[in-house]
Amino acid sequence: MKRVSGLHQSTPAELKAQLEAERAGEPFLLYRDPSEGQAIVPLAAGSVTVGRGEGCDVCLAWDGDVSRVHAELERKGGVWTVSDDGLSRNGTYVNGERVSGRRRLRDGDSVRFGATVVRFREPSPGYTGETRLAGDAPPEARVSEAQKRVLVALCRPFAGGSPYATPATNQAIVALAATRVTVGRGAGCDVCLAWDDDVSRVHAELDRVGGVWTVSDDGLSRNGTYVNGDRVSGRRRLRDGDSVRFGATVVRFREPTAANTGETRLAGDAPPEARVSAAQKRVLVALCRPFADGSPYATPATNQAIADQLFLSVDAVKTHMRALFDKFDIGDVPQNQKRAKLVERAFQSGAIAPKDLV
């Protein structure tokens, strides 16, 4: 089994170098090369590529599990993120969890590219308060009866679903003039929700893509972004009247004069069981079976593995897979991400449940 190159006991000289990097107050990466020497890479640019290729900003040429261009670190709205987006063959992991889309990095995070573990350090990122994790304790255990009455009075303005309601009961209208709008608690965000502790410094982005507005979180926030009660995974198109929740703040999206281009049929309009045949369901179960134990390192079953399980030809499996990609609206997903996206949507829609994999 290949050994993962991690972070070991530091020598006094290495500790001194780490302290100097921390005192500089700028984010940096910390890892070890094949000779077990310590490497410190300051993150000076706004975008840093990681890979085995010589042209990468962080070159891990010795690691055969790393792709030529494996991942990208990017500074967005004052915070650092890592994204793989299908660049690598073996994936990128943050604290043991495989990155899907974009993932925000926090001081001390362990990031694995191939067999190489890199520590992300951000010793003084300009503190604006740590995002409180939603639901840390049952509210009843945290407030008294008197406090509950005050809370009810404070929240009453939200009873009518007021758009962009705030605790001060003031309505705000923000025109979406630019093609990209950041939402968060940080002062640098275009829509600043500074009062809401459930909102991250940079929480989400609204983008105008091909004439329509979309919202994406991509791991920027700690507590997630919700559209009409559904948590956003990846990018979500917005329609006139949609209710978007960032933390505890509800925002109403309005597009009153949007040209009618016809509604695209939503893939999940019908129950999943009504949209897949019994044969396709068996293929889906076999595809998702590697995820039965909840391992973060699991990957979808290959066509050959599915064929072996179900006693089908590989061509028959490919035919079923193409039909499933169609049914779950995965046509625009990059080829090397389609299988993982199908697994994700199968679980999200309820077409596959954990009990199916037993």
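Of all residues in the stretch 304-346, those satisfying the criterion of being surrounded by 14 or more Cβ atoms within 10 Å (Cβ to Cβ), in a loop (DSSP other than H, G, I, E, B) and of a type in the set (A, V, I, L, M, F, W, C) are L312, F328, I330, V333. In the condition set (1) in contact (Cβ under 8 Å) with a residue 24 or more places away in the chain; (2) more than 25 Å from G184 (Cβ to Cβ), A71 is compliant with all but (2). Considering the stretch 178-190 alone, what residues qualify as being more than 17 Å from R239 (Cα to Cα) and either assigned to a loop (DSSP other than H, G, I, E, B) or free of Cβ contacts under 8 Å to residues at least 60 places away in the same chain (or both)? Correct list: A178, R185, G186, A187, G188, C189, D190. R75 falls short of the stated requirement of being at pLDDT 90 or above, open to solvent by 20 Å² or more (accessible area, probe 1.4 Å), under 25 Å from the mean Cα position of the chain (by Cα) and of a type in the set (K, R). For S100, the conditions (1) in contact with a strand residue (DSSP E or B) (Cβ under 9 Å, 6 or more places away or on another chain); (2) of a type outside the set (A, V, I, L, M, F, W, C); (3) assigned to a loop (DSSP other than H, G, I, E, B) all hold with the exception of (1).
Annotation: I40 fulfils all but one of (1) at pLDDT 90 or above; (2) within 26 Å of the chain's Cα centre (by Cα); (3) over 18 Å from D84 (Cβ atoms); the unmet one is (2). Among the conditions (1) modelled with pLDDT under 90; (2) closer than 30 Å to V111 by Cα, F328 misses just one, which is (2).
Select from the stretch 192-213 the residues that are part of a strand (DSSP E or B) and either open to solvent by 10 Å² or more (accessible area, probe 1.4 Å) or not small (G, A, S) (or both) and write down the one among them that is modelled with the lowest pLDDT.
From the stretch 192-213, those part of a strand (DSSP E or B) are 192, 204-209, 212-213; that's our starting set.
Narrowing further to those that are either open to solvent by 10 Å² or more (accessible area, probe 1.4 Å) or not small (G, A, S) (or both): 192, 205-209, 212-213.
Values: C192: 89, E205: 91, L206: 93, D207: 89, R208: 87, V209: 82, V212: 86, W213: 90.
Here the residue is V209.
Scanning the stretch 211-257 for residues that are more than 21 Å from D332 (Cα to Cα) and of a type in the set (F, W, Y) yields Y226, F246, F253.
Of the residues making up the stretch 235-252, those that are open to solvent by 10 Å² or more (accessible area, probe 1.4 Å), assigned to a loop (DSSP other than H, G, I, E, B) and within 20 Å of R180 (Cβ to Cβ) are R239, D240, D242.
Given the residues A45, A39, which is the only one that is assigned to a strand (DSSP E or B), surrounded by 11 or more Cβ atoms within 10 Å (Cβ to Cβ) and small (G, A, S)? Before the answer, list the steps.
On the way: A45 fails: assigned to a strand (DSSP E or B).
Answer to the selection: A39.
Restricting attention to the stretch 214-234, and to residues there that are of a type outside the set (D, E) and part of a strand (DSSP E or B), which single residue is surrounded by the fewest Cβ atoms within 10 Å (Cβ to Cβ)? The selected residue is R231. Here the stretch 57-81 is the region considered, the condition is being assigned to a strand (DSSP E or B) and in contact with a Phe, Trp or Tyr (Cβ under 8 Å, 6 or more places away or on another chain), and the residue that is nearest to P27 (Cα to Cα) is W80.
With respect to E54, is the statement that it is open to solvent by 50 Å² or more (accessible area, probe 1.4 Å) and outside any loop (DSSP other than H, G, I, E, B) true? So that I can check it myself, show each step before the final result.
On the way: open to solvent by 50 Å² or more (accessible area, probe 1.4 Å): yes; outside any loop (DSSP other than H, G, I, E, B): no.
Considered against the rule, which asks whether it is open to solvent by 50 Å² or more (accessible area, probe 1.4 Å) and outside any loop (DSSP other than H, G, I, E, B), E54 comes out as no.
For the stretch 112-126, the set of residues classified as assigned to a strand (DSSP E or B) and either of a type in the set (K, R) or closer than 24 Å to E205 by Cα (or both) consists of R112, R119, F120, R121, listed by residue number.
The values are calculated or read from the model by the stated rules, or taken from the named source; none is laboratory data. The model shown is predicted, which means the values in this text are computed figures rather than measured ones. Methodologically, a virtual Cβ is constructed for each residue, glycine included, from the backbone with ideal geometry; neighbour enumeration extends over all protein chains shown. What goes into the accessible areas is simple: the full protein's heavy atoms, side chains included, and nothing from ligands, DNA or RNA. Shrake-Rupley method; radii C 1.70, N 1.55, O 1.52, S 1.80 Å.
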